[in-house]
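Notes follow the structure.
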Amino acid sequence: MKLVVIILTSIFHSFYDWFGIMYYYEHVGYLLQGQIPYIQFDYEYPILVFIPSLIAMIPSFVFGSKEAFVFTFSGLMVICDCITTVCIYLIAKKIWDDEFRAYVAALVYTTAISAMYFVLFEYSSSASCILMLTLTAVVYGKDFLIKDGGYLGLTIGFFIKAYPAFAVPFVAFYHAHTTSLKAEIIRGAKSILPVVAVLLVPFVIFNLSSLKTYIPARLEFNYFPNTIIWTVHVWLHDILGINVSQDIVMTGIYAGMICIAGALLYAGYKYPEKDAKVMLQLTLGLIMVIVLGFKVRSPQYIVWFTPFLCILIVDDIRKVMFFYFTQILAFVEFPLTFWSFWTNVEYTNPLKSMNWTMTLLFFTVEFGSLVLLVWWVIDPVSIYKKIRSAQVS
C-alpha cells in the first residue's frame, strides 16, 4: 500500500509532503548543536518527537546525506504502522471474538489509502503506535505491561502527539468497573504527574508559551479552509447571504463541541458495563470532536482516528465500503487538490467560480460523510438506551 500511494501520487502528478520531515531534520540539528527546544529555538511539536528524529540522524551522519534522514525517518514510521496494524488485529479479535473480523479490520487498515500516505511523511503514526499498544494491553488486561492501568503509555503518547491523552478518561472509566473512579484517578496521577514534571514543567518555567505546543489547535492561527467552521461560514455568509462572522460561527461550533465532549464523558462515566468496544467508541468520538471542530485542522489527523474506525466497522460490509469512500475523499483533499483548489489560508479560485463551488461542495460532502460514518459506528442511541435502561432498573 505504501508503494501504491507513491505510484498514485506520481500518476496524478501530485507531490510528496516533505515539509514535515525537513522541519524535523532542521530542528534536531539545533538540538545537536546544544540548543534547548522551546527556550533557545521555537519548536511546534511535543518533546518526544526528537527521539525518532535523533535515530534518523545516525545514518544521516554516517552517509553525510539528508536523504538518509528522510528514508530512515519514514522507515521508522512504517515500522510503527506495522505494529499498529498488529494491535488493530488483536483488539478487534478481542472485542468481536472473531478471527475473521479481526483479519478484516487489519486488512482494511492497511488499505486505507489516505492514512497510508501520511504514515510515510508524518510522525503521527508513532503516537498512534503507542496509543494502540497501550489500548491492546488494556483490553487484554495485561497487568505485566500496564501495572499503572495504561496511563504511562498514554502520557508518553501525549508527549509525542497530544491526541493519545483523549483516551485517558475512558480508560479510567473502563478500569473503574473493577476498581473505583477514585482509585483510577490516584493510579493515573501517579503515572502522569512525574512524566509531566520531567517533560513539561522545566520548559514552562523558562518559557510559558511552550504550553501552546500541547493545545490541539493553537489559538494564534487563523481559520483554515479545510474545517467545518470555514465551510459553515461560507455557506451562511457567501451562499445564503447571512451577515455572520467566522468568530460567531466558531463560537457556536465550540459550544457544540463542549456539549458533545461532555455527553461522551458522561456516557463513559455512566455506562453500566466494562465494555472495551464502548471505550473505543467514546474515545473515537472525542478524537473526532477535536479533529472536526477546531478552526485549525491538518489532513494528517486522519491517522489519529483511522485505527479506531477499522476496528469498529467490521460488523457491517456497508460500513467498510463507506469507510473506503471517506478515505478516497481524504486522499483527494490532500495531496490531490492541495494548492490547486485550496491552501491552508484560502480557496485558491475566485469567489463563486466553478472551482470555488466545487471546493465548497467537496468539503461539505467530506465532513458530512465523516460525521455520518462516526455516528453510525458509535451508535450513540444504543449507548444512551443502555445507560437509561440501567438507571431505570
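The values are calculated or read from the model by the stated rules, or taken from the named source; none is laboratory data. The structure presented is a predicted model; accordingly, all values stated were derived computationally and were not measured. Backbone-built Cβ (ideal geometry, glycine too); neighbour counts: all protein chains shown.
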Criterion: small (Gly, Ala, Ser), more than 30 Å from THR337 (Cα to Cα) and outside any loop (DSSP other than H, G, I, E, B) - qualifying residue of GLY34, GLY29: GLY29
Output for region 63-88, where each listed residue is of a type in the set (S, T, N, Q) and not in a helix (DSSP H, G or I): SER65
Members of region 292-302 that are surrounded by 22 or more Cβ atoms within 10 Å (Cβ to Cβ) and among the hydrophobic types (A, V, I, L, M, F, W, C): PHE294, ILE302
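Each row is one residue, and each column tells you yes or no for (1) within 20 Å of the chain's Cα centre (by Cα); (2) more than 30 Å from THR178 (Cα to Cα).
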{"residue": "TYR223", "(1), (2)": "yes, yes"}
{"residue": "ILE242", "(1), (2)": "no, yes"}
{"residue": "LEU286", "(1), (2)": "yes, no"}
{"residue": "ILE290", "(1), (2)": "yes, no"}
{"residue": "TRP304", "(1), (2)": "yes, no"}
Single condition TRP96 does not satisfy, out of (1) within 24 Å of the chain's Cα centre (by Cα); (2) surrounded by fewer than 19 Cβ atoms within 10 Å (Cβ to Cβ); (3) among the hydrophobic types (A, V, I, L, M, F, W, C); (4) at pLDDT below 95: (4)
Test set (1) surrounded by 13 or more Cβ atoms within 10 Å (Cβ to Cβ); (2) at pLDDT below 95 - TRP339 fails condition number: (1)
Among the candidates VAL291, VAL381, VAL345, residue that is on the phi < 0 side of the Ramachandran plot, touching a helix residue (DSSP H, G or I) at 6+ places or on another chain (Cβ under 7 Å) and either not basic (Lys, Arg) or not in a helix (DSSP H, G or I) (or both): VAL291
Boolean, ILE248 is at pLDDT 95 or above and within 21 Å of the chain's Cα centre (by Cα): no
PHE305 vs. criteria buried (at least 16 other Cβ atoms within 10 Å of the Cβ) and modelled with pLDDT of 95 or more: yes
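Every residue, every condition in (1) over 20 Å from PHE159 (Cα atoms); (2) free of Cβ contacts under 8 Å to residues at least 40 places away in the same chain; (3) out of contact with any His (no Cβ under 9 Å at 6 or more places or on another chain), yes or no:
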position	(1), (2), (3)
ILE55	no, yes, yes
VAL62	yes, yes, yes
LYS66	yes, no, yes
ASP81	no, no, yes
ASP98	yes, yes, yes
ALA115	yes, no, yes
Filtered residues of region 119-169 (kept if farther than 20 Å from VAL303 by Cα and among the hydrophobic types (A, V, I, L, M, F, W, C)): ALA137, VAL138, VAL139, PHE144, LEU145, ILE146, LEU152
Residues located in region 53-93, provided they are farther than 11 Å from ILE21 by Cα, crowded, with 17+ Cβ neighbours inside 10 Å and hydroxyl-bearing (Ser, Thr, Tyr): SER60, THR84, THR85, TYR89
Among the candidates VAL320, VAL371, residue that is within 19 Å of VAL234 (Cβ to Cβ), among the aliphatic types (A, V, I, L, M), part of a helix (DSSP H, G or I) and touching a residue at least 24 places away in the same chain (Cβ under 8 Å): VAL371
Qualifying position, being over 13 Å from the mean Cα position of the chain (by Cα), closer than 21 Å to VAL119 by Cα and crowded, with 21+ Cβ neighbours inside 10 Å, among ILE328, ILE311: ILE311
Single residue of ALA105, ALA115, ALA137, ALA167 found to be assigned to a helix (DSSP H, G or I), surrounded by fewer than 24 Cβ atoms within 10 Å (Cβ to Cβ) and not acidic (Asp, Glu): ALA137
Qualifying residues in region 1-52 (those that are among the hydroxyl-bearing types (Ser, Thr, Tyr) and under 24 Å from PRO335 (Cα atoms)) - the one surrounded by the most Cβ atoms within 10 Å (Cβ to Cβ): TYR24
Within region 339-358, tally of residues that are touching a residue at least 24 places away in the same chain (Cβ under 8 Å) and either in contact with a strand residue (DSSP E or B) (Cβ under 9 Å, 6 or more places away or on another chain) or closer than 24 Å to THR306 by Cα (or both): 3
Scope region 231-273; condition touching a residue at least 24 places away in the same chain (Cβ under 8 Å) and among the aromatic types (Phe, Trp, Tyr); matching residues: TRP235, TYR254, TYR269, TYR271
The listed residue being of a type in the set (Ser, Thr, Tyr) and within 30 Å of VAL171 (Cβ to Cβ), out of THR251, THR227, THR231: THR227
Residue satisfying condition, being at pLDDT below 95, of a type outside the set (Phe, Trp, Tyr) and closer than 21 Å to GLY150 by Cβ, within set LYS161, LYS277, LYS212: LYS161
